[in-house]
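Just below is one structure, and these are the notes that go with it.
The values are calculated or read from the model by the stated rules, or taken from the named source; none is laboratory data. What you see is a predicted model; the values in this text were computed from it and never measured. Cβ atoms come from the backbone with ideal geometry, glycine included; neighbour counts cover every protein chain shown. Calculation scope for accessible area: heavy atoms of the full protein, side chains included, ligands and nucleic acids excluded. Shrake-Rupley method; radii C 1.70, N 1.55, O 1.52, S 1.80 Å.
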Amino acid sequence: YRMTLDPTKGGTITSLRAKFAGGRELVEGKGEYGFNEVSGHFYDLGKTFSSMESDARISVLQDDRFAIKIKVEGSIASHPLTQFITLQAGRRRIDLELDINWKGNVGIGEYRQQQSWTDNRRAYTDDRFKLKVLFSSTLSKAELYKNAPFDVCRSSQKNTFFGTWDSIKHNVILNWVDLVQDNGAFGMALFSDHTTSYIYGEGYPLGLTAQYSGSGLWGVDYKISAPLRMRYALVPHQGRWDSAGIAMESARWNEPLISRYGRGFQERDRTIVCSSDTGLEIPAMKVEENGDLLLRLYNAQEGSRTHRLTLGFPVQEIAEELPNGQTIGMVRATQMGENTSLSVDMPSHGIKTLRIKKKNKFN
């Protein structure tokens, strides 16, 4: 990437060019909204504030052949705000963090809810007034895809805006949302480290809800009592979400490889399950008390696929089960020395559970 930040605009990203796409520009720099701008309506002050309204201090924390990490120190409505931007060599994902050290409990939302929480009109429904991070991009006439538990959906809504309970719209981001141009040639995915909501609509850029402060669901007063800490990421890509491998990219981001330093470890490779197929996820795996290995598989791609798996141990038998434990069939497997090879047919967004009986217990 080639990225430009402007300290006079709160350290927002004023240009982001993807070299893998011929230097394509992702930032729409002529509108009223910024890219990586933090904005929100502070109803006690009667004004919408933005991180772009104050100058920022930009410093480089790391710059070597492995990664570049930038620190942006600014403010919003006099509250100290810090953002971190990290780009790693050979990785298309752009990691971002947002920290805000609130000076106290401030109200953020459309207005202070005074009426009963059972009223149809709600102050906490319209995310345009909440604290959010905005990404004003050059993607025009884009379709929006988002993941759901074991599924991916395409939004048919013109926008996510609503202010009453009887006009509610689905604006939940579980792990990611993805904007793709209508020709499917280019897109940009947004990852969130927690389930929250997103903002998007005609004339309004994609945004990620960061915080709300005030009366909310069931009449609970959602107060600010601690600093805001959140992680998010951007993945510009070519093609649609499935061909771009966005689901797998999100899984790797949410479940990164964790290493541990220690002494006395025996150096040897220990592979339990291996698959080179894209789109195959393992959402759960456990060894039961009787030594059986339960392996749950999910086809995160569109269309039925045959996935090939290699188990790093010899097995007695493999059975396919329903979630209630009922056996529905046996799975053929081929022994390859100390390894076992098998193929599993998976429908689009299909889920399968395999019970694997190992010849010897795991240790």
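Dividing the mean sequence gap of close Cα pairs (under 8 Å, 6+ apart) by how many residues the range 84-160 holds gives a relative contact order of 16 percent.
Counting only residues at least eight positions apart within a chain, or on another chain, the aspartates and glutamates with an alpha carbon under 12 Å from that of LYS358 are GLU288, ASP292, GLU317, GLU338.
The three principal axes of the C-alpha atoms in the range 188-252 carry coordinate ranges of 43, 31, 20 Å, sorted with the longest axis first.
Rg/Rh for the range 112-252 (Cα atoms only, Rh after Kirkwood) is 0.99. Each principal axis of the range 237-308 carries a Cα extent, and these read 47, 31, 19 Å when sorted largest first. Any number yet on Rg/Rh for the chain, C-alpha, Kirkwood? Rg/Rh: 1.03. When nucleic acids and ligands are ignored and a 1.4 Å probe is applied, LYS352 ends up with an accessible area of around 40 Å². Between the range 255-320 and the range 116-146, the alpha-carbon centres lie 38 Å apart.
Shown here: the range 45-187, whose C-alpha atoms stretch 56, 44, 28 Å along the first, second and third principal axes, sorted largest to smallest.
Both numbers refer to the Cα atoms of the range 313-363; Rg and Dmax are 12.0, 35 Å. Put a plus charge on the Cβ of each Lys and Arg, a minus charge on the Cβ of each Asp and Glu, and nothing anywhere else: the dipole of the chain about its Cα centre is then about 620 debye. Across the range 233-240, coupling constants 3J(HN,Hα) worked out from phi with the 6.51/-1.76/1.60 Karplus curve, θ = phi - 60°, read 8, 10, 10, x, 7, 9, x, 7 Hz, and Gly and Pro carry x.
In the range 279-363, Rg over Rh equals 0.95, where Rg is the alpha-carbon radius of gyration and Rh the Kirkwood radius from pairwise Cα distances. Taking all protein chains as they are arranged and a probe of 1.4 Å, the heavy atoms of VAL220 leave approximately 70 Å² accessible to solvent. For the range 1-137, relative contact order (Cα pairs under 8 Å, six or more residues apart, normalised by length) works out to 24 percent. Residues in the range 328-334 carry Karplus couplings, in order, of 10, x, 9, 10, 6, 9, 10 Hz; the curve used is 6.51 cos²θ - 1.76 cosθ + 1.60 with θ = phi - 60°, and Gly or Pro positions show x.
For the range 25-33, the Karplus equation 6.51 cos²θ - 1.76 cosθ + 1.60, evaluated at θ = phi - 60°, returns couplings of 7, 9, 8, 8, x, 9, x, 7, 9 Hz by residue, with Gly and Pro reported as x.
Spread over its residues, the convex hull of the C-alpha atoms of the range 14-84 is 103 Å³ per residue.
A simple spin-label model places the labels of ASN183 and ARG121 4.6 nm from each other, with each point 7 Å out along Cα-to-Cβ. Pairs spanning more than 26 Å between alpha-carbon atoms, out of LYS132/LYS223; LYS146/LYS169; LYS9/LYS146: LYS9/LYS146. In the range 166-285, Cα pairs under 8 Å separated by at least six residues give a relative contact order of 24 percent.
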